[in-house]
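Just below is one structure, and these are the notes that go with it.
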Amino acid sequence: MQIHRIAGALGAELQGLDLAEGLDASVATGIRQALLDHQVIFIKRQNLTPAQFLRFAEAMGTPIEYPFVKGLDGFPTIIEVKKLEHEKSNFGGVWHSDTTYLDTPPMGSMLLSREVPPFGGDTLFASQYAAYDALSDTMKALLEPLVGISTSAKADVSKTREDRIRTDGRQDAPKEYRAEHPVVRTHPETGRKALYVNVAHTAGIRGMTDEESAPLLQFLFQHQIRPEFTCRFAWEPDAIAFWDNRCVQHNPVNDYHGHRRVMHRITLQGDRPR
């Protein structure tokens with residue numbers, strides 16, 4: 001396995017792997033370490049069946065079901081993330097960390113590209129380690145004790161789910177999930193601190209009025225996606241992106257109207273942020 005960094009803040013492509021053959025323990029450990037080192041990793045030219053994709057995910061962690069969309073037949077932990085030719089909104093089309101509105105958000109998420117548009121449809125990633133490290137000591141001290149309130153019902157992100165809930169929605173999903181997590185979390189494996197708010201799900205700060213929390217959150221939302229904290233991945237068929245949800249945000253770019261984009265996604269069980 002060879003590792004090639006693609007940007008300064010985060011991101012690396014792993015080469016020399018054939019995931020269809022399965023992984024021995026040492027290679028799986030190496031991939032997992034690459035994720036911890038680079039926060040998001042990309043593995044191209046992996047023409048996997050759903051069973052093979054799931055087997056790779058199981059070597060990285062414990063797959064869990066997504067709360068709003070049904071999984072594939074026979075594979076409840078694999079959902080289709082798609083935008084069809086006639087649709088205007090793309091699924092999750094806003095900067096976010098996945099499902100921070102759950103009490104135990106996922107450790108990581110992975111996408112496998114099935115159909116890609118002839119242009120566009122890239123995904124942006126942003127390092128929340130880098131975003132935290134760039135703050136002043138005074139701002140870090142201010143944020144340290146704060147707790148963010150996350151909801152699944154913020155309007156901008158709810159709109160991006162509408163098409164998929166209409167076609168693939170789970171009947172048992174509640175209308176809203178809410179959870180509270182530290183504004184700054186400590187990564188349980190690396191010990192590094194990362195910002196853990198996001199414009200899609202963070203609706204307020206515990207103990208503050210909306211008027212008090214809004215200016216602080218707006219600053220953080222803009223700060224945490226500065227270009228120098230990001231990398232960009234241009235999709236091709238049969239490519240995997242696997243990111244660490246504990247320290248990375250992502251944003252799928254919605255610039256391919258009239259074309260189809262289909263991904264398979266698996267999320268992996270995490271721990272309660274601290």
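The values are calculated or read from the model by the stated rules, or taken from the named source; none is laboratory data. From a predicted model like this one, the values you see are computed outputs, not experimental measurements. Ideal geometry is used to build each Cβ from the backbone, glycine not excepted, and the neighbour counts take in all protein chains shown. Remember, those area values only see protein heavy atoms, side chains included, never the ligands or the DNA or RNA. Shrake-Rupley method; radii C 1.70, N 1.55, O 1.52, S 1.80 Å.
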task = Please state which one of K159, K154, K140 is open to solvent by 80 Å² or more (accessible area, probe 1.4 Å) and either more than 17 Å from P273 (Cα to Cα) or at pLDDT below 95 (or both).
result = K159
request  = For the stretch 93-106, enumerate the residues that are open to solvent by 10 Å² or more (accessible area, probe 1.4 Å) and over 14 Å from A153 (Cβ atoms).
outcome  = G93, W95, D103, T104
message = For the structure I just gave you, tell me whether V81 is in contact with a Lys or Arg (Cβ under 6 Å, 6 or more places away or on another chain) and either open to solvent by 20 Å² or more (accessible area, probe 1.4 Å) or assigned to a strand (DSSP E or B) (or both).
response = yes
ask   = All but one of (1) closer than 19 Å to Y101 by Cβ; (2) part of a helix (DSSP H, G or I); (3) of a type in the set (D, E) hold for E180; which doesn't?
value = (2)
Within the stretch 73-82, considering residues that are among the hydrophobic types (A, V, I, L, M, F, W, C) and out of contact with any helix residue (DSSP H, G or I) (no Cβ under 6 Å at 6 or more places or on another chain), the one nearest to D271 (Cα to Cα) = I79
task = Scan the stretch 200-241 for residues that are part of a helix (DSSP H, G or I), open to solvent by 20 Å² or more (accessible area, probe 1.4 Å) and farther than 20 Å from H4 by Cβ and jot them down.
result = D210, E211, E212, A214, P215, L216, Q218, F219, Q222, P227
query = Which one of these does R170 not meet: (1) basic (K, R); (2) more than 20 Å from the chain's Cα centre (by Cα); (3) modelled with pLDDT under 95; (4) open to solvent by 80 Å² or more (accessible area, probe 1.4 Å)?
reply = (4)
request  = Hey, can you tell me all the residues within the stretch 84-115 that are more than 12 Å from the chain's Cα centre (by Cα) and assigned to a strand (DSSP E or B)?
outcome  = L112, S113, R114, E115
message = Looking at the structure I just gave you, is R272 assigned to a loop (DSSP other than H, G, I, E, B) and of a type in the set (D, E, K, R)?
response = yes
inquiry  = What's the number of the only condition in (1) under 18 Å from the mean Cα position of the chain (by Cα); (2) touching a residue at least 60 places away in the same chain (Cβ under 8 Å); (3) under 22 Å from V262 (Cα atoms); (4) open to solvent by less than 40 Å² (accessible area, probe 1.4 Å) that I64 fails to meet?
reply    = (4)
message = within 14 Å of S97 (Cβ to Cβ) and surrounded by fewer than 23 Cβ atoms within 10 Å (Cβ to Cβ): which single residue out of L195, L268 fits that description?
response = L268
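For every residue, the table says whether it meets (1) in contact with a Lys or Arg (Cβ under 8 Å, 6 or more places away or on another chain); (2) among the β-branched types (V, I, T); (3) more than 24 Å from N254 (Cβ to Cβ).
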residue: R32; (1), (2), (3): no, no, yes
residue: H38; (1), (2), (3): yes, no, yes
residue: F42; (1), (2), (3): no, no, no
residue: R45; (1), (2), (3): no, no, yes
residue: P50; (1), (2), (3): no, no, yes
residue: F91; (1), (2), (3): yes, no, no
residue: T100; (1), (2), (3): no, yes, no
query = Of the numbered conditions (1) under 16 Å from H264 (Cα atoms); (2) open to solvent by less than 30 Å² (accessible area, probe 1.4 Å); (3) hydrophobic (A, V, I, L, M, F, W, C), A28 satisfies every one except a single condition; which is it?
reply = (1)
